[in-house]
Structures are given as C-alpha cells and as structure tokens.
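Below you'll find the structure, written out as structure tokens, and then a few comments.
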4 protein chains.
Amino acid sequence: MERTKVVVCGATGMVGQIYVAMLSDHPWFELVGVAASERSAGKQYGDVARWYIQGDIPARARNMTILPCTADAIAATGATLVFSALPSDVAGPVERSLADAGVAVVADTASHRMDADVPLIVPEVNADHLEALSLQRKGGKRGFIVTGPNCSTAGLVLSLKPLQLAFGIRRVIVVTMQALSGAGYAGVPSMAIIDNLIPYIKGEEEKMECETQKMLGSWMDGAFQPANIPVSASCNRVAVLDGHTESVLVELDRPASPEEVESVMRSFQGEPQRLHLPTAPDHPILVRSESDRPQPRLDRLAGEPARARGMAAVVGRVRSDPAFATGIKYTVLSHNTIRGAAGNAVLTAELLAAKDLL
Amino acid sequence: MERTKVVVCGATGMVGQIYVAMLSDHPWFELVGVAASERSAGKQYGDVARWYIQGDIPARARNMTILPCTADAIAATGATLVFSALPSDVAGPVERSLADAGVAVVADTASHRMDADVPLIVPEVNADHLEALSLQRKGGKRGFIVTGPNCSTAGLVLSLKPLQLAFGIRRVIVVTMQALSGAGYAGVPSMAIIDNLIPYIKGEEEKMECETQKMLGSWMDGAFQPANIPVSASCNRVAVLDGHTESVLVELDRPASPEEVESVMRSFQGEPQRLHLPTAPDHPILVRSESDRPQPRLDRLAGEPARARGMAAVVGRVRSDPAFATGIKYTVLSHNTIRGAAGNAVLTAELLAAKDLL
Amino acid sequence: MERTKVVVCGATGMVGQIYVAMLSDHPWFELVGVAASERSAGKQYGDVARWYIQGDIPARARNMTILPCTADAIAATGATLVFSALPSDVAGPVERSLADAGVAVVADTASHRMDADVPLIVPEVNADHLEALSLQRKGGKRGFIVTGPNCSTAGLVLSLKPLQLAFGIRRVIVVTMQALSGAGYAGVPSMAIIDNLIPYIKGEEEKMECETQKMLGSWMDGAFQPANIPVSASCNRVAVLDGHTESVLVELDRPASPEEVESVMRSFQGEPQRLHLPTAPDHPILVRSESDRPQPRLDRLAGEPARARGMAAVVGRVRSDPAFATGIKYTVLSHNTIRGAAGNAVLTAELLAAKDLL
Amino acid sequence: MERTKVVVCGATGMVGQIYVAMLSDHPWFELVGVAASERSAGKQYGDVARWYIQGDIPARARNMTILPCTADAIAATGATLVFSALPSDVAGPVERSLADAGVAVVADTASHRMDADVPLIVPEVNADHLEALSLQRKGGKRGFIVTGPNCSTAGLVLSLKPLQLAFGIRRVIVVTMQALSGAGYAGVPSMAIIDNLIPYIKGEEEKMECETQKMLGSWMDGAFQPANIPVSASCNRVAVLDGHTESVLVELDRPASPEEVESVMRSFQGEPQRLHLPTAPDHPILVRSESDRPQPRLDRLAGEPARARGMAAVVGRVRSDPAFATGIKYTVLSHNTIRGAAGNAVLTAELLAAKDLL
C-alpha cells in the first residue's frame, strides 16, 4: 500500500516536533514536508527547530527545507493531508485556505473547533461526528477540516464517555493541574512557576466546558446537538513539564459504585481499537489501583503498544462523592502534547484513512 | 501587664520553629521553654533544630535546653500555656496529660479535633465554640485543650464563613493544591515531586470534610451541632514550598453575584479584629482583582500589620459557576504553617487571653 | 538635609522594581520619577509594572506616570541622579546622553563597564577607582557614569578582596550556579530549566574574567591597571529563583590556612562600613561554619541591618585545595539582583554622596 | 549459549530497580533472584519495590520472592554472579562474605573500591586493572569482588582517559552539579532543594579525588599505582532528577587545541567497543557542538544502541582555559544511576564474561 503524503504546518514548535517524531516512521503516512512561518521558510528544519525532545531530530526531517504554509507549496510536495499545529493567531485562515484548495486538514488548534460543520474528534469518543464532513464536502469539494480538542479536554472526555454510555451524566465538575508544555516552549517563564502555581489559563475553562458538550453530544439532522450536561471547569498551571492532571467529579444519572465505574472504564474501547489503527492504544483508559496514582511523571507515557505511548488516559482514585447521591470522583491524567494534540490528530487521520475519508 | 509564660512542645520541627519565631518577641506571651522528644531533651535548641527559616534562629531560643514534654518539666518553667506541634503519633496522650495537669493546651495537631468537648477554632470563624471549654473545666479543672484545623481547612473555612452568614451554603466542592511543608520537612522526597504532582494526601480529604462541618456548625445545648453542608474535598500535593491553593465551588442557598461575594468577603471581620488581637490581620480575607491571583509565592505572606504576615487568606477569581444556578467559584490561598498551624494557634491563644480563659 | 532627587530608568523590569522598592523610603534619595521604554511612557507605573516582588507595589510609585528616558524628561523632575537598569541593547547611548546632559548616572548595565574612564565599583572593594571621575568631569562637566559589575562578579570580588590584601592572589578559578532572575523575568522558560540546568550563559564568562581583573586592579597615572591575575570562569544556570552560588578556587601568593582565610573575610570592611552608609551591611562577608552552607534560599537575603538585606556575600566551606600548594577553596553566595545589581548601585550612589561627588 | 544466572542484592532501591530493568531481558545474564534486607525477604518483589521508573515493573521480577543477601540463599538459585546495590552501611561485609563463598560480586557500592586487590572499573578506562583479580583468586578461590566508581567519578574518568592517552594530564579541577537520584529516593527532601541548591555532598569530593587517581593509574607488580595527578573536586547538589553535570578544567602535559581534544574524545573507544559487549555504547563519549549542551534532561539517556541508553558520557563546551597555558575546559554529563552505577556494573560483568573471568 502506498502511504499518504503528509505535511506538518507549524512544524518547528513543540507540538510540531511531536508530529515530526511520530510521522518519521509511520506505516500509513509519509512525511514529505515541514512548513512554518514565513520567517523560517527556506531554511533547513534542522537549523531552525530547537529540538526539545530527548534524543536527536529524526534524520529524515533534519535536512528538509521549511515550506511556507501555502496551498501551492504543499501541493508541490504531493501531500493531500496536512497536520496543523500553527499558532492560534494565524491558524484559522491558513487552515481554511488549505481546505478550500482541496487538502484534508487535521488540526489541533482552536480556530475551527466550534464551527457548525467541523467535527471535533477524539476517535474513541465520537468517531460518528465525522459524518459532518459530508456537509463540508457538499458540491464535490475534496478538502475539509477536522479538529481535535483542547489539550485539557482530551483526557476528560475520554474518561467521561464510558460513564455517559453506562450510567448517564448529569453534571461534571473538573479542576485541572496543567503542564507547562501546554503553553508552548516559552509560554511560562521559570520565574513565574518555580515554588508557585498560577490559578488561571486564559480561555481554557470556556473551551473545556463547550468542547466537552459538543463532543459528548450528537450529530443529528445535519447539525451538532451538544449534550445537555452542565460542565464547570477551573484551570490551574503547575510546575510539571508534560501531562495534565484533573480532579473530576461526575454526578451520574444512575447510581454506580466505584467498582462499576472502574469496570466500564477498563473495558472501554472505540473505533480505533476495533479498526486496529496503528496509533491506537490497546486500552484507551488505564485504571490504576494505587492510592496515589496517576502521577504525571510516572504515567504520562502510558499506552501500549510502543507507538501508542502517551495515548492512554490514566485514571485513579475512583471513589464515591460525599456531596452528591450519585457522585463519583476520580483523577485522570493524559499527555497534553500527545493525546491532547499531535497524537490525537494522527489517530484521527488514521481513522479518516480507515474509513476512506482521505 | 505580665506576659503569660508559654512552652512550645514539638519545637524542633518546621511548625515548631514558626512558633518559636512568632513567640520570640510576642507582646502577651513569653517563651520560657522549648520541648521535644526524649531523644532531643537535654540538648541545646540551637544544636538540635535545623533552622529552616530564612535568617537565623532567635538568640533567645538558641541557648534554651530542650525539655521533655512532661507536665513536671513544663510546670518547672512556670508556664501555664503550651502550644503543641507534636508529631501525630504521640500528640494525643501527651496533650491530654498536660491538660489533666492543669495546663492550657493549644494544639494544631489532629488528635483531639473531633472530640465532643474540644473546640476546633479559627478565631474569626467560630470563637463562640470556646464555650465548650466549660465542659472540659467542669469540676473546677484549670487545664483544657483547644485545637485548630488541618492546614487545608483553615483557609477554606475563613473564606466560607462570610458566605454562610450572608447567603447560606448548600454544598461545597473543593480541590486543593497543597504545599510541601504541610507534610513536614522530610515528608515529600524531591524525587517524588519535581516535574510531578501527587493526587493524594492520606486522611486529608476526610479531615477537610468533617472539620469544615464542625467549624461551620454550632455549639448548642452542650454539644457541637455540625453544619448540614455536604463537603467534597479532593487533595493534591504540588511542588510549592509554602501556601495551600484551593479551587472552591460553593452552591449558595440564595443567589449572589460575584461582586456581592467579593464584597462580603472584603468586609468580613471576626472577634480577633474586634478585640484588636496582636496577631490578627486587619482583614482576614483579601480579595484580589487580577485574573491570575492568588499565587502561593506572591501571596502566602499576605496580612497586615507585620505581625500578621501569613494570617490573611487571599481570594481571587470569584465568578459564577455554570453548573449550579446559585454556584460561585473562586480560588483561595492561605499559608499552611502560619494560618494553617502556628499562627492560627497563637491567635487562638490571644483570643483565650482576651476572653480571660487562660 | 534635603534628599537628592533620583529617577530610575528601566523601572518596570525586575531589577527596576528592586530599585523602586529600595528607594521608596531611602533616607538620602527621593524617588521623583520612573522612566522606561517609549512603549510604556505616559502610562501609570502601577498599570505597567507587573510587580514581581512579594507584597504590593509601593504606594508612592504606583501612581507615577512613566517618563521616557530622555535628558529633558529627567531634568523636568529636578533629578540630578539616575539609576539605570535599562535593557542591554539600549543602555549604552541613553546612559551616555544623560551623562552628557549633566546627570550623574549609576548603572548596573554592561555597556560602559570596561570604558577607560568609567569606574566599575563594588564600594567595599575599589572605592578608590572613583578617582577616574575626574577624567570624565574634565572641562567642568557635571555629569558622569559609574557602573557596577555583572551580577556574578559582585559576590566573587567581594570575597577575593580580603584575600588579595592579606595573602596576594596568583590565580582564580570559579564555577557558577546562577539564578534565573539574572536572565530577566522571561529570560529562562520553565520548559528549559525544570529537571535541568544549562551549562552556558552568553558572554558571562568573559565578563567575569575581565571585570574581576579591572576591579582588583588599580587606578594609576590616569588609567586603570588591571590586576595581573588569571581568572577562569565557567557559568551555569540552575533552577534557583534568586542568588548566585559560586565554587571558587584561589591560588594564593602566600600559603594560608582555612582559619586564616575565614578570619580575614570575617573582619573585612570597606569604605561603606567606615562611612556608615545607609545600605552598607555591617559585615560585607558573612562566613558560615555549617558544612552545607551557603544555600541560596536560606542565605540570599543575608545582611544587617534591615536596609542591607541581600547586600552581604555569604561564604562557606573554606578549605585547603589538594591540587595547589597554596590553594584555598570555598563557596560564595550573593543576591544577584540586590548586591549584584540594584543594591550595589544604591550603595555606590551613597558612596558618591558621602564623598561629595554628586 | 547458556546465560549466566545472576542475582541483584539491594534490588528494591532506585539503583536496584535499574538493575532489574536492565537484566530482565539481557542476552548473557538471566535474572534468577532479587535480594534485599531481612525486612523485605520473603515478600514478593512487586509488593515491596515502589517502582520509580516510568512504565511498569517487569513481569518476570514482579512475582519473585525476595531473598535474603546470604550466600546460601543465592547458591540455592544457581546464581554465580551477584550485582550489589546494597546500602553503604551493610554492603562491605555482605559483599565480602559472598565472594568468600565463591560468588563473583560486581558492586557499585563504596566499601571495597579502594581495597588493594579490588579493581575499580569503568570498562572503557581501565579494563587492564582486572588483572588484580589474580590476587583475589590466589589459592584457587572462585569468588571475587569488582567495583565501579562513585557516580560522579564515572563520567569524569571517561572524559579524562582519552586526554591522558593523547596529551598527558598535569592537574584536574572539577565542580559538580549532581542529580537528586544520587542520594537515593528519599535522600533529599523537596523542602531542601526547590528554589535552592546544596553546596555539599558528604564524602563525595574525597571519593572523586582518590578514585580518579586509582582508575587513571596502573596495575603493576601486583599493586595499584595511582596516577600522579592532583585532583580537586567541589560537589554540589542541584534540582535535577537524573544526570550529573560537571564543569571540568584539565591542565594538560602538552598543549592541545579544543578541536584536538574533541577529536580524541570522539574517536575514543575501549575494550567494550572492541569486544562488542551488549551494553557498550558505540561511542562512549559524545561531543556536542551546540553552545549550551550537554543538559541533563536532554542528554542523560545518550548512547546507542538502545540497550546502551544512558551509557555514553556527553561532552560539550570544549574550550581553552585562560588561566593555564595548557588548560582545557569542558562540561561533561553522565547518567548517575546508569553509567554511574547499574549500567557500568552490567558492562563490567559483560567484560568479565567476555574475558572468561566469571
């Protein structure tokens, strides 16, 4: 089988580098180009990208000449699929123009997440939302935009989906302790966070609240119907490099014991598992029984097989809540730049490929 | 006025040192002795206490010979008041035996907090609970035990009290991000917490839940009536030296706007302010308007005048909650070894003195 | 006595804020203005300066309108003395133009440190270098520039001076572990330094080597004669907020025991102590006897009286070196934004005032 | 080929776990037992070992019953080789008694490092020192002890050896910035090191000085002749989880340019490379050309192939020293629990096997 040619836009940043690492030996996708801002275009990737990841930059990418993020430049590579990790201030129109030019765009940026015809996908949670692509492709257009959620939403919805299926959800209250990489490499100065935390992340709480409702909702009659589940999010930044930890309280529709909750989480699987997608973790939710797990440094790279490292959400401390008759509390951790960004997008692209939507 | 002679039991630990620092120049109390474990007794305080606080050990304490925590040893100093910062495994019986011997014991340890006749006091919140001392003193006994709450409860109840008074409270959900000093100097290994957090603190959630109910309840007909307020606590340890930060969601009885909530918090005062106690902060709750405060490193030493540094709770991000019709969310920060331990105990002792209960 | 009117240029940055804090209640200097970049000029200081220091911005400064760093704007305030904490890319010409306009400029920036007629001063070390001002003032000019050393040089030369006086110095080898604030508030991203260190600081080693030679040298026959002491510096950045720690090895001219070295350090005093300058620490070098001190968090604010906090260098671990017959090793710590920047400049200005050079 | 049966003594600690991870799939060695203190003996390894390493405990080890560290218990497993990661207070006599009972003991503990007949080995540096085993085996004894250096010495001697061979070494001055794991899991409290560093590690400087001399010396006429190279070490603990960074200054016998130094380091190989030992890195020293490397978080796991991760020393910033005519400065980093402990011991055992010394 010939591999689909892909380009990463925004390839020099931290998430861009994870794309490059994940795609440098991907069985279905062939990385044929890296694109970035005008400032970097024309230079060699290895000269521009300060490589943040342990180990060295993949040999294949090192010598690539950085492209501008234009439809022409991407067309010249033969790529039909683009992963977008562009900065939020430029992502919107660039992604739109690429889609208009016939490119399949899988974005982990915020610009189009809440668009009426753009699916917001965690493949295990709402693969059926891809039906919305028929709206985007009306009139025979090839290009489209698919997005993934904010990094703090990804782990949350993964953990909520089996509860919604098994018991129904009445209300969600989540407090996050988010990693530094979520703000980008230079996003949080060290002077701001050592011996400290910051109880605020701009726009994050609103994103978590509405994205969760969209993703747990349905695509019906040609429109997204958000789930009728009130969500309250409070977001904090802590001195952790990678891995968002979240204290979650769910008021269920029907009572369930912690054991029942753990059980439906452990056995949860979605389309990626059924389709045996290359980056799919065997179990999208791992439930740990130790009293003090998950912990970001120990658990953020969870997920088997090796290609799915960082793709599993890890849940622990499942217990009944004393303030709600049908309340369940737990802690969920997921890797913010893998499951919360690049990894989720690669898995989404695999889903598109498996469903013949590319 | 002659100052009351006091001894600190458990004086070598981290909280013990804060007592020593606060009492080395106190206008009402005279530090006449430091007591610790049998292992340390007989040695010089300056030789045993590894001084954790910036600056040097107070000259007065440095040369004191460490006493054993026995009624005889304390009686020999002339002290009638003891502050207990003993380790939890020995605190209970020692405190009891001192009280039985006629000493007034103000403890920040957990052993007697939930006893039926022991007041659990944050002076601004429930000074009236001191009436329970009449039960302890029945039959003319002089000694008694008064306690302060767990370090993570102190800031919470301070912030809740004005809401209870003004609007009524239906339910409380709190997620903590607690400082390392709360576990004692060697409590959390650096290998456990750098680039990490721990989503669990043993026994902490239960303490926060029942202590809050006791403190927001009443003393009536010779017994404590806990408040009928469900409290759900989730406790996390983060890489911060001092200062517990808490994301709080309160379902009120009556609706209130964020401005109304800020207003009742800002104007809140209690007995310590009315009585002008030496360690009382002018305002026990400071409300900040910046979007990203309170932060532990910047705000943990809040409180005026100078003697009250670390005694004010700092609140920020007051906002309506999307998941409850009468929900209010905010972040509260308080210094765990000052307001959450030694400082609160000193203020409690001042309250006892002002009310002629010593 | 009327106080000298002063303006701080570069007042919004981290060092600028320390100036503002130190000058808000200074007995000899009156802060009459704060100046910063064109971008900030015209706005209120309290609105622009993100206050990095524990506690709140001084009331006096909060409402000041930020001035541009021009001679006219400064003249309009009546100020005759300017402290410069300007960014290195603009400091040079601005400082020169202010001096040309008749203003006394005390700078902690690098631009003019090695100029042939500009004294590079740590007041305890080389107050006599101020004689070079006669060169700058030739022809009756009032204005001049005086500078202070790089933050990592300040503590080093303080500790070397008594050794030079007592034993002579043949060679110096220093390895630094420098704090984050030395790079400015946003200088080191948290992603770069948590669970990490950076073995390089641009230009720092060269600065330490030549500045030390200039400061330990002499002013003779109208020119600076650098000391003939080879200096080897290796500079590292570590995850510490404030306080530069340095492992120093000195090959002495004459052998000396660790006790002798400690003794000359402890008794060392300079002009600031003899003149009782307000910001002078009683002892510019504190020698600690514990095996594991100095430590930045515990010792960076050393210095008595209160106004001199952060002005004392703290030395520990003085011992003989096994690799040199006359080698002595020790660790020295000093506060990089106080003794290494703003505090040293204020002390220098006090020295100028006491010598009637303003 | 049948694999040699091995047991790890001290298997529950941090270094012990690295042994278990490295030996769980080793081509030459078969892990047949884990041994630890009397307190743990008899329990299951998976229940006792708090697994500190990312990922889960190897399935093979999880269910092993912990043995006591006695010759009988080890003999019962059929093991003829023991890796010792015992705590320093018990290691000495246990290792001796195992050797006396005929077991080959490879230890990374300090007890026997300076013994007159015990080789202290970094396989690339002084494989020839294994000749000393003939002394231990005199009289036909089978058992013996071989040791590896202190974790901070390992990287240093690796980087020095090619310089000694090519240019001769007159003097070595090294300042370390050592990782927390070097002190064991609970060795450094978080309260001691966040926003801080500790300029002292007990006994470390002496070890680095004399071990380096022993290892760079020779085995001649039945005795170790230490190299006549003065070594001055200053040791610091910094807030880094793994990876010791060292600022090194070497006075060479003959002048050499930085390029020549880099060249001899890059091309350096030893017995492990010539013998193609399984855990040998292709290049024991990697020289990086970036101005700000090596950095512990990015470089500590250097070494190819995969089995040799953490076995390469990474050198950077090679430059001439201004204080010595033939001085060279550089920074060297090596992984303290792999190359500085377990990994070096496994490589040493491979060397013993390849030389038919087991």
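The values are calculated or read from the model by the stated rules, or taken from the named source; none is laboratory data. Computed from a predicted model, the values in this text were never measured in an experiment. Every residue, glycine among them, receives a Cβ derived from its backbone with ideal geometry; neighbour counts consider all protein chains shown.
Before moving on, here are some points about what is shown:
- Hits in the range C:279-333 - residues which are within 22 Å of C:Ala21 (Cβ to Cβ), hydrophobic (A, V, I, L, M, F, W, C) and modelled with pLDDT of 95 or more: C:Ala280, C:Leu298, C:Leu301, C:Ala302, C:Ala308, C:Met311, C:Ala312, C:Ala313, C:Val314, C:Leu333
- When every residue of the range D:3-24 is checked against the conditions, none turns out to be of a type in the set (D, E, K, R), modelled with pLDDT of 95 or more, crowded, with 21+ Cβ neighbours inside 10 Å and in contact with a Pro (Cβ under 8 Å, 6 or more places away or on another chain).
- Selection over the range A:228-261 of residues that are within 24 Å of A:Asn336 (Cα to Cα) and either among the small types (Gly, Ala, Ser) or free of Cβ contacts under 8 Å to residues at least 12 places away in the same chain (or both) gives a count of 6.
- Sole residue being under 20 Å from the mean Cα position of the chain (by Cα), of a type in the set (D, E, K, R) and within 30 Å of C:Phe83 (Cβ to Cβ), chosen from C:Asp282, C:Asp356: C:Asp282
- Criterion: away from chain D (no Cβ under 14 Å), closer than 30 Å to C:Pro27 by Cβ and in contact with a Gly (Cβ under 9 Å, 6 or more places away or on another chain) - qualifying residue of C:Asp253, C:Asp242, C:Asp299, C:Asp282: C:Asp282
- Residue in the range B:1-12 that is nearest to B:Met64 (Cα to Cα), counting only those that are charged (D, E, K, R) and free of Cβ contacts under 8 Å to residues at least 40 places away in the same chain: B:Arg3
- Residue among D:Ala35, D:Ala91 that is buried (at least 21 other Cβ atoms within 10 Å of the Cβ), in contact with a Cys (Cβ under 7 Å, 6 or more places away or on another chain) and under 24 Å from D:Leu351 (Cβ atoms): D:Ala35
- Set side by side, the residues A:Val122, A:Val106, A:Val157, A:Val146 differ, and just one is assigned by the TED database to the domain that holds A:Gly243, surrounded by 19 or more Cβ atoms within 10 Å (Cβ to Cβ), modelled with pLDDT of 95 or more and within 12 Å of the chain's Cα centre (by Cα), which is A:Val157.
- Of all the numbered requirements in (1) β-branched (Val, Ile, Thr); (2) away from chain C (no Cβ under 14 Å); (3) touching a residue at least 60 places away in the same chain (Cβ under 8 Å), A:Val15 misses one, and that requirement is (2).
- Within the range B:170-180, the set of residues being closer than 15 Å to B:Lys329 by Cα and surrounded by 24 or more Cβ atoms within 10 Å (Cβ to Cβ) comprises B:Val172, B:Ile173, B:Val174, B:Val175, B:Thr176.
- Residue-level analysis places A:Asp25 among those that are under 22 Å from A:Asn344 (Cβ atoms) and charged (D, E, K, R).
- Meets criteria (more than 29 Å from C:Lys138 (Cβ to Cβ), within 20 Å of the chain's Cα centre (by Cα) and touching a residue at least 60 places away in the same chain (Cβ under 8 Å)) for C:Ile53: no
- Selection count, the range C:318-352, where residues are of a type outside the set (S, T, N, Q), under 24 Å from the mean Cα position of the chain (by Cα) and at the interface with chain D (Cβ under 10 Å from one of its Cβ atoms): 4
- Matching entry among D:Pro226, D:Pro189 (being within 14 Å of chain C (Cβ to nearest Cβ), modelled with pLDDT of 95 or more and under 30 Å from A:Ser190 (Cβ atoms)): D:Pro189
- Qualifying residue in the range D:92-100 (condition: over 14 Å from the mean Cα position of the chain (by Cα) and assigned to a loop (DSSP other than H, G, I, E, B)): no
- Any hit, the range A:301-308, residues being within 26 Å of A:Gly168 (Cα to Cα), out of contact with any helix residue (DSSP H, G or I) (no Cβ under 6 Å at 6 or more places or on another chain) and not aromatic (Phe, Trp, Tyr): no
- In the range D:229-320, counting only helices (runs of 4 or more DSSP H) that sit wholly within it, the ones holding 1 or more residues that are among the hydroxyl-bearing types (Ser, Thr, Tyr) and surrounded by fewer than 23 Cβ atoms within 10 Å (Cβ to Cβ) span D:258-266.
- When A:Leu163, A:Leu98 are screened for being in the same structural domain as A:Thr77 (by the TED database) and modelled with pLDDT of 95 or more, only A:Leu98 passes.
This table checks each residue for (1) in contact (Cβ under 8 Å) with a residue 12 or more places away in the chain; (2) assigned to a helix (DSSP H, G or I); (3) away from chain A (no Cβ under 12 Å); (4) out of contact with any His (no Cβ under 9 Å at 6 or more places or on another chain).
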{"site": "B:Pro149", "(1), (2), (3), (4)": "yes, no, yes, yes"}
{"site": "B:Gly155", "(1), (2), (3), (4)": "yes, yes, yes, no"}
{"site": "B:Pro162", "(1), (2), (3), (4)": "yes, yes, yes, yes"}
{"site": "B:Leu165", "(1), (2), (3), (4)": "yes, yes, yes, yes"}
{"site": "B:Tyr185", "(1), (2), (3), (4)": "yes, no, yes, yes"}
{"site": "B:Lys214", "(1), (2), (3), (4)": "yes, yes, yes, no"}
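- Contact map, the range B:24-46: residues that are over 12 Å from B:Lys5 (Cα atoms) paired with residues that are hydroxyl-bearing (Ser, Thr, Tyr) and surrounded by fewer than 21 Cβ atoms within 10 Å (Cβ to Cβ), Cβ distance under 7 Å, separation 6+ or inter-chain. Pairs shown: B:Gly42/B:Thr65; B:Gln44/B:Thr65.
- All conditions but one from (1) outside any strand (DSSP E or B); (2) buried (at least 19 other Cβ atoms within 10 Å of the Cβ); (3) facing chain A (nearest Cβ under 9 Å) apply to B:Lys202; the one that does not is (2).
- Scanning the range C:18-57 for residues being away from chain B (no Cβ under 14 Å), assigned to a loop (DSSP other than H, G, I, E, B) and more than 23 Å from C:Leu358 (Cα to Cα) gives a total of 7.
- Qualifying residue in the range A:332-347 (condition: part of a loop (DSSP other than H, G, I, E, B), hydrophobic (A, V, I, L, M, F, W, C), more than 18 Å from A:Leu120 (Cα to Cα) and touching an Asp or Glu at 6+ places or on another chain (Cβ under 9 Å)): no
Quick grid of which residues meet (1) more than 21 Å from the chain's Cα centre (by Cα); (2) among the hydrophobic types (A, V, I, L, M, F, W, C):
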{"position": "B:Ile193", "(1), (2)": "yes, yes"}
{"position": "B:Leu197", "(1), (2)": "yes, yes"}
{"position": "B:Lys207", "(1), (2)": "no, no"}
{"position": "B:Cys210", "(1), (2)": "no, yes"}
{"position": "B:Gln213", "(1), (2)": "no, no"}
{"position": "B:Met220", "(1), (2)": "yes, yes"}
{"position": "B:Phe224", "(1), (2)": "no, yes"}
{"position": "B:Ala227", "(1), (2)": "no, yes"}
{"position": "B:Ser234", "(1), (2)": "no, no"}
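- Among the residues making up the range D:39-60, a single one is touching a strand residue (DSSP E or B) at 6+ places or on another chain (Cβ under 6 Å) and surrounded by 18 or more Cβ atoms within 10 Å (Cβ to Cβ): D:Tyr45.
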